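Have a look at the structure below, then the notes.
What follows draws every value from the coordinates through simple rules; no lab data is involved. Because the structure is predicted, anything quoted here is derived from the model rather than measured. Heads up, the Cβs are rebuilt from the backbone with ideal geometry, glycines too, and the neighbour counts pull from every protein chain shown.
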Amino acid sequence: MENLEKILAEHPFLQGLESHYLDLIVGCASNVKFDAGQFIFHEGEEANQFYVIRNGKVALEIFSPERGAIEIDTLEEGDVLGWSWLIPPYHWRFDARAVELTRAIALDGKCLRNKCEEDHDLGYQLLKRFAHIIEQRLQSTRLQLLDVYGTHS
Amino acid sequence: MAHTLDNEFINPNSQIKSPPDKDPMLPCLFSVEQVKKETHDTFTFYLSPCENKISFPFQPGQFNMLYIFGNGEVPISISGNPSDEDRLVHTVRLVGPVTRAMKNLKRGDVLGVRGPFGNSWPVYEAIGNDVIVVAGGIGLAPLRPVLYKLLSQRDKYGKIVLLYGTRTPEDILFKRELEQLRSRFDLEVHVTVDRAQQSWKGNVGVVTRLIHKATFDPLNSIAVVCGPEVMMRFTALELEKHGVPSDRIYISMERNMKCAIGFCGHCQLGQTFICKDGPVFRYDFMHTYLTKREI
């Protein structure tokens, strides 16, 4: 667990978090590995974890019967995967697939959800960090929607 | 300190001009040596002068006016190697009647060329610094001469990073060259596309998302950015967020250029002319104009 603690403490996502909160989060963490092509989660499944990617590459996809799997984002080393565990009804909205061998730290979102309900300071700290990630991804999505490389640009 | 064009305009690169000894409105005749299809809507033309003695020196970032007789004239950035002065290379995207007419050019066909016009990317100012090259879509074409120049004098620069974003994997320009660049150990290359099918093994996401993956010293870096204006705007903001000062970020503006020598006024922006004073501008000079409507 010492190793996990060090990795999580140094990760930008958790930087500045008080040590007792960090200990609590480390207590909910475990190392996981996904082979190339393996799905980490599927759309509609219950969302009870989130992941800090240590290395590898993960594709976020939506499946369309007409067009097949459409990749909408790629996450890599250092990125945080998944926030559906934090927002009711706690179901994944996309598929996540390891593009290559991927190692990550899985965090038990269900456990953290309960801790956040009990301790709103922890809840605020986590929400603040996830709001930042959500804002970045929203900005990126808006730019993607603009289709800036289309012929009208 | 941030400057605006209304208050003060000194473009640090404006000293590089086209040669004054010829009539800038008179085109030289060039013949098509080779046409290479890059993507479904992008072609690269290799042109050689009809008069053998003409050499065509240019600086990375400069553009030519290409005249398709009977169709019209368009400004197109030079996408070739600055050390090759004997032939001109232009990469053209099909967006209007003139570029569509260009698509039908064959080996041996003749077109008119005026230029080179405009200033240069800051390849000399960047000596001793890290260089971040950010290209979006066809914006990789005007930046390719920068890469040639930087790599020809590799030891003069710190880290060199190329970040390239485009629409889909099928829209990636200069694919083979990008693969070669990726295999170099002295250059960091990241490519992303806005959308892709499952067969694509690379990154999906906008080019701004690549900035945090790159390694550079923000205070000792020069960033050169070329692509659609919206892309340049958001890229510059993201670079600033990562600590690159706005006076070390350069963008290329390509609005409404017609005469290329500041006569017609079509490309006037505030007190400056894009064709004559640009097309390369420091972001701190230009940023207020990027969000201004009706200009």
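Suppose R0 equals 25 Å. What FRET efficiency, 1/(1 + (r/R0)^6) with r the Cβ-Cβ distance, do B:Asp247 and A:Ile62 give to the nearest 0.05?
Values: r = 41 Å, r/R0 = 1.66.
So, using R0 = 25 Å, E works out to roughly 0.05.
Out of B:Val89, B:Asn119, A:Trp92, whose Cα points farthest toward the positive end of the dipole of the protein assembly as shown (charges: +1 Lys, Arg; -1 Asp, Glu; placed on Cβ)?
Looking along the dipole axis, the top candidate is B:Val89.
When only DSSP loop residues count, what trypsin sites (Lys or Arg not before Pro) in segment A:60-153 have their Cβ near at most 12 other Cβ atoms within 10 Å?
On the way: sites: A:Arg67, A:Arg93, A:Arg97, A:Arg103, A:Lys110, A:Arg113, A:Lys115, A:Lys128, A:Arg129, A:Arg137, A:Arg142; in loops: A:Arg67, A:Arg93.
Hits after loop and neighbour filter: A:Arg67.
Counting other C-beta atoms within 10 Å, and keeping those with at most 11, which DSSP coil GluC sites (Glu not before Pro) do you find in segment B:30-118? Can you show the working numbers first?
Numbers: sites: B:Glu33, B:Glu38, B:Glu51, B:Glu73, B:Glu85; in loops: B:Glu51, B:Glu85.
Those satisfying the criteria are B:Glu51.
Taking the Cβ of each residue in B:Asp277, B:Asp41, A:Asp95 as the centre, tally the other Cβ atoms inside 10 Å and list the residues starting with the fewest.
B:Asp41, A:Asp95, B:Asp277
Using a 4.7 Å cut-off between beta carbons, which cysteines in chain B end up with no partner cysteine at all?
Among the cysteines of chain B, those whose Cβ sits 4.7 Å or more from every other are B:Cys28, B:Cys50, B:Cys226, B:Cys267, B:Cys275.
Hey, what number do you get for chain A at 222 nm if only DSSP H runs of n ≥ 4 count, each worth -39500 (n - 2.57), divided across all residues, to the nearest 500? Spell out each step's value before the answer.
Numbers: 4 runs with 55 residues, N = 153.
Mean residue ellipticity, 222 nm, calculated: -11500 deg cm²/dmol.
Quick one: A:His20, B:His287, fewest Cβ neighbours within 10 Å first, how do they rank? Walk me through the numbers on the way to the answer.
Details: A:His20 10, B:His287 23.
Going from least to most buried by this count: A:His20, B:His287.
Suppose we keep just the DSSP beta bridges with both residues in segment B:28-117; what percent of those would be antiparallel, to 5? Spell out each step's value before the answer.
Working: 29 of 29 bridges.
Within segment B:28-117, antiparallel bridges account for around 100 percent of the total.
Using the Cα centre of segment B:130-290 as origin and beta-carbon charges of +1 (Lys, Arg) and -1 (Asp, Glu), tell me which of B:Trp200, B:Cys264, B:Phe281 is placed farthest towards the positive end of the dipole.
B:Trp200
So, in nm, how far is label B:Lys292 from label B:Arg176 when the simple model puts each one 7 Å beyond its Cα toward the Cβ?
Label-label distance for B:Lys292 and B:Arg176, simple model: 4.5 nm.
Out of all DSSP beta bridges with both ends in chain B, state the antiparallel percent to the nearest 5. The partial results should precede the final answer.
Numbers: 34 of 57 bridges.
Looking only at bridges with both residues in chain B, the antiparallel portion is about 60 percent.
If R0 is 45 Å, what FRET efficiency do you get for A:Gln38 and A:Asp119 from their C-beta distance, rounded to 0.05?
Details: r = 34 Å, r/R0 = 0.76.
The formula returns an efficiency of 0.85 here.
Report the antiparallel proportion of the DSSP beta bridges in segment B:130-290 as a percent, rounded to a multiple of 5. Intermediate results must be reported in sequence, preceding the final value.
Details: 5 of 28 bridges.
So the antiparallel bridges amount to about 20 percent of the total.
Suppose the chain between B:Asp155 and B:Gln198 were pulled fully straight at 0.36 nm per residue; how much longer would it get relative to their current alpha carbon spacing?
11.5 nm
Given a Förster radius of 41 Å and the C-beta distance between B:Phe69 and A:Ile133 as r, what FRET efficiency does 1/(1 + (r/R0)^6) yield to the nearest 0.05?
On the way: r = 55 Å, r/R0 = 1.34.
The value I calculate is 0.15.
Let me have the 222 nm mean residue ellipticity of chain B computed from DSSP H runs of 4+ only, each contributing -39500 (n - 2.57), with the sum over all residues rounded to the nearest 500.
Numbers: 6 runs with 53 residues, N = 295.
When only DSSP H runs of four or more count, the value is -5000 deg cm²/dmol.
Listing B:Met231, B:Met102 from the residue with the fewest other Cβ atoms within 10 Å to the one with the most, what is the order? Don't jump to the answer; show the numbers that get you there.
Numbers: B:Met231 26, B:Met102 23.
By the 10 Å Cβ count, ascending: B:Met102, B:Met231.
Within chain B, what's the longest run with no chymotrypsin sites (Phe, Trp or Tyr not before Pro) in a DSSP loop and at most 15 other beta-carbon atoms within 10 Å? Give the range, please.
Values: sites that count: B:Phe69, B:Tyr124, B:Phe185, B:Phe263.
Here the longest run is B:186-262.
Exactly which trypsin sites (Lys or Arg not before Pro) in segment B:42-131 are in a DSSP loop and have at most 14 other Cβ atoms within 10 Å?
Numbers: sites: B:Lys53, B:Arg87, B:Arg93, B:Arg100, B:Lys103, B:Lys106, B:Arg107, B:Arg114; in loops: B:Lys53, B:Arg87, B:Lys106, B:Arg107.
When the trypsin sites (Lys or Arg not before Pro) of segment B:42-131 are filtered for loop state and at most 14 Cβ neighbours within 10 Å, B:Lys53, B:Lys106, B:Arg107 remain.
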